[in-house]
1. If we scan region 176-188, do we find a residue that is open to solvent by 40 Å² or more (accessible area, probe 1.4 Å) and over 23 Å from Ala370 (Cα atoms)?
2. Tell me, which residue of region 12-55 that is of a type in the set (D, E, K, R), touching a residue at least 24 places away in the same chain (Cβ under 8 Å) and outside any strand (DSSP E or B) is farthest from Ala378 (Cα to Cα)?
3. Can you find a residue in region 359-371 that is within 23 Å of Met6 (Cβ to Cβ) and surrounded by fewer than 24 Cβ atoms within 10 Å (Cβ to Cβ)?
4. For region 110-117, indicate whether the set of residues that are within 30 Å of Ala176 (Cα to Cα), over 23 Å from the mean Cα position of the chain (by Cα) and in contact (Cβ under 8 Å) with a residue 40 or more places away in the chain is non-empty.
5. If you scan region 33-47, which residues turn out to be among the hydrophobic types (A, V, I, L, M, F, W, C), closer than 13 Å to Ala371 by Cα and open to solvent by less than 30 Å² (accessible area, probe 1.4 Å)?
6. Here is a check on your reading of the model: is Lys4 out of contact with any Asp or Glu (no Cβ under 8 Å at 6 or more places or on another chain), among the basic types (Lys, Arg), open to solvent by 20 Å² or more (accessible area, probe 1.4 Å) and part of a loop (DSSP other than H, G, I, E, B)?
7. Does Val93 qualify as being in contact (Cβ under 8 Å) with a residue 60 or more places away in the chain, in a strand (DSSP E or B) and surrounded by fewer than 18 Cβ atoms within 10 Å (Cβ to Cβ)?
8. So, Arg281, is that one outside any strand (DSSP E or B), open to solvent by 30 Å² or more (accessible area, probe 1.4 Å), under 28 Å from Gln254 (Cβ atoms) and modelled with pLDDT under 95 or not?
Amino acid sequence: MRTKPMYAVGLDAGGRQARMVICALEEERLRFLGCATVEAHGWVRGKIADQKAVADSILAVLREAEALAGISVESAVVGVGGPTSRGANARGVVELGHVREVEQRDVNRVVDRAARVQLQEDRMILQLFPQDFVVDDRPGHRDPRKMLAARLEINVHLVTTSIQEHNALVGAVNQAHLVVEETVFEALAACYAAVLPEERREGIAVLDIGSQSTELVIYYGDAIHLASTLRISGDHFTRDLAQGLCLSFEDAEQVKLEFGSALVENTPNNVFLELPSLENREPRHVRRRFVNQILEARARELFRFVNAEVVRVGMDRALLGGLFLTGGAAKLPDLCDVAEQELQCQARYGLAFGIQNWPETLNDPEWCTAAGLAMYSAKLKAQTEHQRETAGWLGRILR
C-alpha cells in the first residue's frame with residue numbers, strides 16, 4: 001500500500017492570468033484540494049518576454065494554491081501554447097522481414113521512426129499522437145499487436161513547439177521551485193478535462209481562447225486530426241475596441257467585459273454607453289450597438305479561421321459532437337451563437353468534470369485547461385511500472 005500521498009498538479013502559466021489546480025490521487029480517483037489564480041506578468045503576445053516576471057507569477061500562484069490546499073507541491077504538469085506551437089502529420093515505417101506476429105517492440109520501433117522527422121531549427125516534438133496503423137497496406141488499425149504482418153506503418157500527428165520558448169517556460173517553472181513533470185499542448189489539456197472519449201469519436205473541436213493565444217484541436221474517431229494555433233486571441237477583440245473607440249487598452253477591456261457581445265442583432269439601437277474618459281474631459285457616449293458591431297466582426301473572423309482549419313483536415317460539416325469553447329476570452333456573450341452560424345455545428349462551453357469536490361465556482365471555461373493539466377498529471381502518476389517500461393513513446397499519448 002502507498003503511504004505517501006500522491007498529488008496531481010496542473011499549471012496554466014497564462015498570458016493574463018496564471019492558474020493552478022491541486023488534486024489528490026486516491027485509488028485512481030481525483031479529489032480537488034485547492035486552486036489559485038494570480039495576474040500573470042512577463043508575457044507579450046503569447047511569448048515570454050521577461051522570464052523572471054513569469055517565474056515570480058508562477059511562484060505567487062503556487063504559494064496561494066499551496067496555502068488553500070494545505071500541502072507543499074514539488075512538481076506539476078505545465079501547459080504550452082502560443083504562436084510557436086503547431087501540429088503536423090508524419091509517418092513511420094518498419095519492415096519486419098517476414099510475416100510474423102506484431103509485437104510491442106515493433107510498435108515502439110515504428111512510433112520512434114515516425115518521431116524521427118526532420119524538424120526546422122529551434123523546433124522540438126512536444127507530443128505524438130497515433131492516428132492509425134497500416135498493417136501490410138491495410139489501414140485503419142488502432143492496435144496492431146498480435147496481428148500477422150511483414151510491414152508495419154503508422155500515421156501520427158505531431159505537436160511541435162519552439163525549443164527556445166519551451167526552455168524559457170521550463171526555466172521559469174524551475175525558478176519557482178517546481179519540477180516539470182510534462183509539458184502538454186493547452187487545447188489538448190482542455191479537451192482532456194471537458195470532452196468524453198465517446199464524444200471525441202463523433203468528431204469534435206476544442207477552441208481554447210486565451211488573452212494572448214488561441215489553440216485548436218480536432219478529434220475524429222479515436223485519433224486527433226489537427227493541433228493548431230490561431231492568430232486571433234482575446235486581446236485582439238480588446239485592441240479593436242481601443243482603436244474604434246479611441247480608448248486605452250485597459251478601458252477597452254473594461255467596456256468589453258461590462259457591455260460587450262459577439263452578436264449585434266439582439267442589441268437595441270437606442271442604447272448608449274458612457275465611455276471611460278480622462279479627468280477634466282467631457283464624457284463621451286457611444287451606441288452599444290456600435291461596440292458589438294466591432295466585436296462581432298472579430299468573432300466572425302476568428303471562426304472563419306477555425307472553419308478553414310476544419311476544412312483543411314476534411315472535417316467540413318463532420319463535427320457531429322460540436323465545438324467546445326474554453327479559455328477566459330471564450331466567455332464573451334453570444335460567442336457560441338456566432339460559432340454555430342459560421343461552423344454549422346452546435347457549440348457550447350467546455351467545463352471540467354471528473355474531479356471530486358470540484359467547486360461550482362470553477363465551472364467556468366477559464367479553468368478547463370488547468371483542470372485538464374492536473375488530470376493529465378494524475379494519469380502519468382497512476383501508470384504502473386510495467387506500463388512505463390513497455391509503453392515507450394506510447395506512454396506520452398493523451399488518450
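The values are calculated or read from the model by the stated rules, or taken from the named source; none is laboratory data. Keep in mind it's a predicted model, so treat the numbers as computed, not measured. Neighbour counts run over all protein chains shown; Cβ positions are idealised from the backbone, glycine included. Surface areas here come from the heavy atoms of the whole protein model, side chains and all, with no ligands, DNA or RNA. Shrake-Rupley method; radii C 1.70, N 1.55, O 1.52, S 1.80 Å.
1. no
2. Ranking the qualifying residues of region 12-55, first place goes to Arg45.
3. yes
4. No, region 110-117 has no match at all.
5. The answer is Cys35, Ala36.
6. Answer is yes for this residue.
7. Answer is yes for this residue.
8. So Arg281 passes the test.
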